Structures are given as C-alpha cells and as structure tokens.
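Below: one structure, written as structure tokens.
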Amino acid sequence: MRSLLIKFVEASSSKKGRWVTLIVWVFLVGALSSLFPNVQKVTNNGAANLPDHKMSVQAEKVIKKQFPNETGTPLLLAWYRDEGLDNKDYELIANLYDQLDKHPLSSQNFIPPLGKVPPQALTSSASEDGTSLVTPIFMKKDATTDELKADLKVLKKQLAKLDSPSIYNKKLNENGLHVRFTGPVGISTDASALFGQADKTLLIATILLVLILLILLYRSPILAIVPIIGVGFAYGATSPILGFLAEKGIIVVDSQAVSIMTVLLFGAGTDYCLFLVSKYRECLLEEANKYKALQLAIRHSGGAILVSAITVVLSLCTLLLAQFGSYHRFAVPFSLAILIMGIAALTLLPALLSIFGRVSFYPFIPRTEKMIRELETKKGKKIRRSKAHSRLSGNLGKWVTRKPWTVILLSVVILGILASFAPRIQYTQNLLESFPKDMTSREGFDLMNQHFSPGELAPVRVIVDTEGKNVELKDRLAKLSVVDTISNPTKGKINEEYLSYDVNLKINPYDTEAVKVIPIIKKQVSQSLKEAGVTPEKHYWIGGETSSLYDTQATTARDMKVIVPVVIVIIAALLLMYLRSIVAMVYLILTVLFSYVSALGAGWLLIHYGIGIPAIQGLIPLYAFVFLVALGEDYNIFMISSIWKNRRSQSHRQAIAKGVSETSSVITSAGLILAGTFAVLATLPIQVLLQFGIITAIGVLLDTFVVRPLLVPAITTVLGRYAFWPGKLWRKTEEDTYETNE
C-alpha cells in the first residue's frame, strides 16, 4: 500500500505528470468554486449547542407549548444618563415608540404602547438610581440576521434625528443621553458583524505572517510562495465543498469554525510543505538530477506526512462524538481541510517543486559538490557551500545523546512548573464574556446588570406538572438564600395543571456561582413534588439562561471524558502501526499529554496574570487538547521516523543524534509558523479565540523547543534498544547499541 502511494506521488511530480497534476488542481478548484457557494456565505451562528434531552432544552419546548410568547424576539434598548434621566429623555423615548408605531421596522412584530402614555409614566420603570431604563422592541422570530441588521441601521437613523448621531456611539463616561442595543437581537447582530470582520482580518493576517516567516527562515521569495500556493489551492477546494454540504443541510458551519479552520489550514498545511521541502533541499545537495532528488525526498518524508495527516484527520473526526454543538460543528470542516491539505502536500506540492526545481531556493540554490566545482571553474571564483544541516542542529543532537538524563531533568522541571498552574484555572461558560467590553450589546447588558436587580436579566424558569395536586413550591424556593424574588405561578395555556414560576436570583445569572444554584433548585422542586404525591421524573423542568449554562457545563464535561480517551487510542494505534513499538508509542503519547497540561498552565499564567482575564472559556480545554495532541504527534512522527530510518544502518546514539540534526531545523521552522498562525487568533477581539490562540501557540512552542528536540530523543537514548520493543530494531544485537548510561 505504501509503495503504491509513493509511486503515485512520484508519478504526479514526474516530468510529464507535474503538469497534469497542476492542471487537475486548477480545474478542480475552478469547478468547485463555480458550482458551489463559499462556506462563509452559508454559515449559521444560531445553531443549537445543547442536545434535545437536556432539561433546559426540554423546558424551552414546554414553554413554547404551554406558555407561548407570540410577541417575538426582543431587542432591548438600554437608556442611560449618568446624572439621571430627565423629562426630555423620557419624551424622546416616547416619541421614538410613537414613530415605531406609525412606521414599523420591516422585522418589527410588537412594541409596548410607550408612545401613547405620558412620558412621566416611564419613570416607574427606571432603575432605582434613576439613571437607566430598558425598553423592548419585539422582532419577528423568523427574521434573518441581515434583515435585523438593516432594521438596526434604520433605528439608529431615527435616534439620530431625535437626538444626535452620538447617542449610540459616544462613550458611556461622556455627558448626555446614551442608548445601547442589547438582548438576543442586539447580541446576535453584533456577534455576526464581529465574526464577519474577524474572518477577513484573520485570512489576510495569516497569509502575511506565513509569508514573512517563510522569507525570514528560508531567505527565498519563491520558496515562501510555493507553500502558500499549495495551501491556497487546498483552501480553494475545501471552502466550496463545505459550502455545498452546509447549503444542503448535511452539516452546520459557524463563523468560529471557519476562522479556526483558516488558521489550521495555513499553519498545519505549511508544516506539511516544509517537511517535504527541507528533505528535497537536503537531497539536492547529493543528487544532481532534480527529479531523482525529489523522488528521494518523497520516499523519505512522504510516509511521515501521510501518517501525520491521517493522525490529525482522525483526531479531529472524534469531535463527531461530541454532544455539544460547537464541538460537533468543528469536526467536518477541520478534518476535511487537513485531508485535502494532506493530498495537496503529496501531489500539488511535489508537482510545483518539480516545476521550479533548484530555482525554488533562489538565491541560495542547493548544488552537489560536482556542480559547485563546475560553476567555480566557469566563474573563476570560490562559491559558498550550502550545508544540509546547521552546526547548532548537529551540536544539539550530540548534547542530547551525551547527557540524556540532564536533558530529561531540565525538560521535566520546565514543563512541570508550567503544568502546576493548570489545576488553578478558573472556567466560565458565559460566552457573552468572550465579546469585547466595548461591544455595544455587551455595554447594554452591563448597564442592565449594574443598575437593575441581577436576577431580572435572565430569570430561572421553573415549570412543574402538578397533576392537579397542591405543590407548595413558591415559599420553598423563596427561602433559598440566593433567591431575590419569585413570581406568582402562571397556568399553562393547554393544560392548567402546568405551573410556571420566574425565579430572580440575587447574583448575576451568568456567573459560575449562579450555575451552582441549579442543582439546589432541582432538589427543592423534586422534594416539593414528592411531598405533594407527584413523581418528580418528567414532571418538572428548569429553563432559562442559567439552566442552559449548567447543561453546557455538564455536556462539555461529558464530551471531554469521551473524546480524550478516543483520541489517545487512535493516536496510539497509528503510532503502533507506523513504528511497531509499544514502548515508543507509550512515551510519545505521555510527552504530548505532559506538553498539553503545561500549555494550559502557561496559558493561564499569561491570560489571567498577564492580560487580567478572570476565567477561561469552558470550551477551551477540549479544543486545545485535540489540536495540541494531534499536531504534537505530527512533529513526533516526523522526528522519530528519521531516528528509526537511521537506526537501520547506524548505532543507537548516532541514529538519534542524526535524527535530531536532520529534523530540528525544519521542526523549529514549522513550529514557529504554526505557533505564529495560532497567535494571530490572539489579535482578534473575541476572547474565546484569543484564549484558544494563546494556549495553542504556547503548546506548539513547547513541543517545538522542549518536547521534540530535547525530551523525546533523550528518553529514546536512555531506553536504548528497548525504545523499539517489540519491533525488528529491538531484535538487533546489543553489539550495535551504545551503552545508555552517561
């Protein structure tokens, strides 16, 4: 199978095959782009994240059936004046609602009759300090994001006519009246705009960063462009395929997935390209024929690239096992992107290298010694020789094999100190906190939080099916120390035995402490039903934002428990198949896991103590795990495969030293580029992407500079021939093996 693949790759880069390969890719990308929509045009940022069996989701279904709200989706207008709202402000609000009554917005469904009441009547709804007021506009539930955005533009123009354009844009600490659009409509439109801007910024920044790093590292403008061309073609094929799948409803793709997919494609894709390019350069120093040199490079690195790509694809596919929607939606875009990139790295890239040949490395063209001498004779002057590997790489390989225990101790101390901070990490499920503080909808939300009872922002909805029995619930819940107020029960529209209570908490309903209250409320409701003679199962539901956050926490914890072992098993199986060594498989996985925990700890140090963010998004650990473990094994496979190949003809320590020397430069280059692309996420104003970018970039750097060049080869040195157990290399006689002690 492997020989057939290598022959196919060699054929695609042959003298005739290279042009056929290029034409096929051009035709394929052109056809896909013309037939199917770009994935960014079919993103859905409103898809559900929780599975149907979760109580908060079931509660919403019961509410829609028994307690329907036909008013629509609320757009909340948060009005604020630092010195207190005055009569002119109330008149302005009344005038706005009078205009909306006479000239409704296109998606407007219902508004309260605030334009028909005396402006002074609004004072009763203002905050206790008189500085704030919240008024709703209910929009049609089926209105699209674009329709809502258009309506908000119209609304801003109306406000500008009534006051001034600055009423919506000026900072809250400035004098005068302020208004902020918040609530479900305000938050969703702001989020859509934010991700829309992020996609363009991210793509441009990623391409520029990769281009600059390639030029700095390889000092060749052509070589910098070749990997970008390969990644560009892969992106050009991936985007319309995902667009087709999303358009047909086969998958759901959100803007966050597209953003991270772009980074993954350029980062990991460039890495695969560099694995082949570095070996090609090395072979060109020994082989005059560029086609033969390319074939040698493919035979040496093709298998590692293939296994690396398969490892990442299968690891990302495990996200299909997730119940949480955001995790699940990442699986297909990410795995498909890496699959297509892997194919491009083994077909299109060799074809491009075959076309450009030695010119790819201009102005530092690699030549054989014979070619250099001929050129020196022709020019009549000495020409600088290119070295396959740097002196630093060679010295590093020698140091690791001569002092393995020193290297292991040093690496473990560094990683251990960083890992010790991981248990201290604080997590939050509140996605609103991931948006910029100056985003208008978040400012509006913060105004409501600061000037009204926190619980009023998002009451906990308790629904019970009493079966006609007297359930003493209101007084029982009111006695809880965290409960501020509780409404009188509302009877169901279809079945009056259903009762609904709005429970306002004394604390912010989005805080972690509020999430801990949900089990307490569940226990009290269950006990009340039991005392009334009603079986609790399927007779009560807890809804609202706090309940959703509780279910989110439980669902993501479940996904972590399921996916982490599956990823480890998949990677273990692939390593075992490729290396035929149980021992190597074990320590390679352990080092990657150690690196992952260290990355979390280091990320927390920077995010919490450096940037001042109080908590990390609860989604980050699993995201980071899948990426860091899968991509970390990429570097493991590339380096360890070099050691395994060298061991067939060299002693144990010589094979390791040469393996480190051969791969450290390319792994360093690849690691810097991959870390850099993920670090681009940290420049975005969305905290969940910032946090993910920081942790993943740190993890890649730890893999690049500590685990791969130091810890793994040092462990391999110490284990001696047992590192290959029970494979063929283990059975080599001990006469060929150096002593493992220092």
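What number comes out for accessible area per residue over the chain if the probe is 1.4 Å? Units Å², please.
Values: 32100 Å² over 742 residues.
Per residue, the chain has an accessible area of 43 Å².
Quick one: compute the contact order of the stretch 476-545, relative version, from alpha carbon pairs under 8 angstrom and 6+ residues apart, as a percent.
Values: 62 pairs, mean separation 16.6, N = 70.
Relative contact order, the stretch 476-545: 24 percent.
Could you give the length gained on full extension between ARG424 and ALA31, defined as 0.36 nm per residue of separation minus the Cα-Cα distance, in nm?
Working: separation 393, 0.36 × 393 = 141.48 nm, distance 5.13 nm.
Here the segment from ARG424 to ALA31 would lengthen by 136.4 nm.
Find how much the distance from VAL117 to GLU247 grows on full extension, using 0.36 nm per residue of separation minus their present alpha carbon separation; answer in nm with one decimal. Don't skip to the end; give the middle numbers.
Values: separation 130, 0.36 × 130 = 46.80 nm, distance 4.71 nm.
Stretched out fully, the VAL117 to GLU247 stretch lengthens by 42.1 nm.
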* Asked: Which pairs, out of LYS403/LYS658; LYS398/LYS658; LYS64/LYS506, put more than 18 Å between their alpha-carbon atoms?
  -> LYS64/LYS506
* Structure fact -> Rounded to whole angstrom, the alpha-carbon centroid of the stretch 258-310 lies from that of the stretch 349-367 at a distance of 13 Å
* To do: Could you pull the accessible area for TRP399 with a 1.4 Å probe, rounded to 10 Å²?
  => 90 Å²
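Counting only protein heavy atoms and using a 1.4 Å probe, what share of the accessible area of the stretch 40-109 belongs to carbon plus sulfur, as a whole percent?
Working: 1570 of 3640 Å².
For the stretch 40-109, the apolar C and S fraction of the accessible surface comes to 43 percent.
At a 1.4 Å probe radius, which order do TRP644, TRP19 fall into by accessible area, largest first?
Details: TRP644 20, TRP19 120 Å².
I get TRP19, TRP644, largest accessible area first.
Determine, for each peptide in 33-40, 698-705, the mean count of other beta carbons within 10 angstrom over its residues, then list the peptides with the highest first.
Numbers: 33-40: 15.8, 698-705: 25.1.
Result, highest mean first: 698-705, 33-40.
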* Structure fact -> Put LYS161, LYS398 in order of accessible area, largest first, probe 1.4 Å, and you get LYS161, LYS398
* Inter-part distance where the stretch 511-537 and the stretch 423-456 are each reduced to a Cα centre, Å -> 26 Å
* Give the distance, in whole Å, between the Cα centre of the stretch 177-233 and the Cα centre of the stretch 41-118. => 33 Å
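Could you tell me what percent of the accessible area of the stretch 198-332 is made up of carbon and sulfur, with a 1.4 Å probe and every protein chain present? Don't skip to the end; give the middle numbers.
Numbers: 2900 of 4220 Å².
Looking at the stretch 198-332 in its full context, I get 69 percent from C and S.
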* Structure fact -> On the accessible surface of the stretch 364-508, probed at 1.4 Å with all protein chains in place, carbon and sulfur together account for a percent value of 53 percent
* Structure fact -> One finds, for PHE110 and LYS530 with R0 = 45 angstrom and r their Cβ-Cβ distance, a FRET efficiency to the nearest 0.05 of 0.65
* Structure fact -> The lysines whose Cα lies under 18 Å from the Cα of LYS437, excluding any fewer than 8 residues away in the same chain, are LYS170, LYS171
* To do: From largest accessible area down, sort LEU375, LEU619; use a 1.4 Å probe on the protein chains.
  => LEU375, LEU619
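If packing is taken as the mean number of other Cβ atoms within 10 Å per residue, what is the order of 360-371, 54-65, 499-510, highest first?
Values: 360-371: 15.6, 54-65: 17.5, 499-510: 20.0.
Those peptides, ordered most packed to least, come out 499-510, 54-65, 360-371.
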* Virtual spin-label span in nm between ASN44 and LYS561, 7 Å along Cα→Cβ -> 2.9 nm
* Structure fact -> Stretched fully, the stretch from TRP19 through GLU83 gains (0.36 nm per residue minus C-alpha distance, one decimal, in nm) 15.8 nm
* Here are some values of percent of Cα pairs over 50 Å apart: (i) 27; (ii) 13; (iii) 22. Which one was computed from this structure? -> (i)
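Which order, highest average first, do 664-677, 296-309 follow once you tally other Cβ atoms within 10 Å for each residue and take the mean per peptide? Could the numbers behind the result be given before it?
Working: 664-677: 24.1, 296-309: 22.6.
Those peptides, ordered most packed to least, come out 664-677, 296-309.
The values are calculated or read from the model by the stated rules, or taken from the named source; none is laboratory data. The structure displayed is predicted, hence computed values, not measured ones. Glycine gets a Cβ as well: all are built from the backbone with ideal geometry, and neighbour counts include every protein chain shown. Each accessible area value is taken on the protein alone, full model and side chains, heavy atoms only, with ligands, DNA and RNA left out. Shrake-Rupley method; radii C 1.70, N 1.55, O 1.52, S 1.80 Å.
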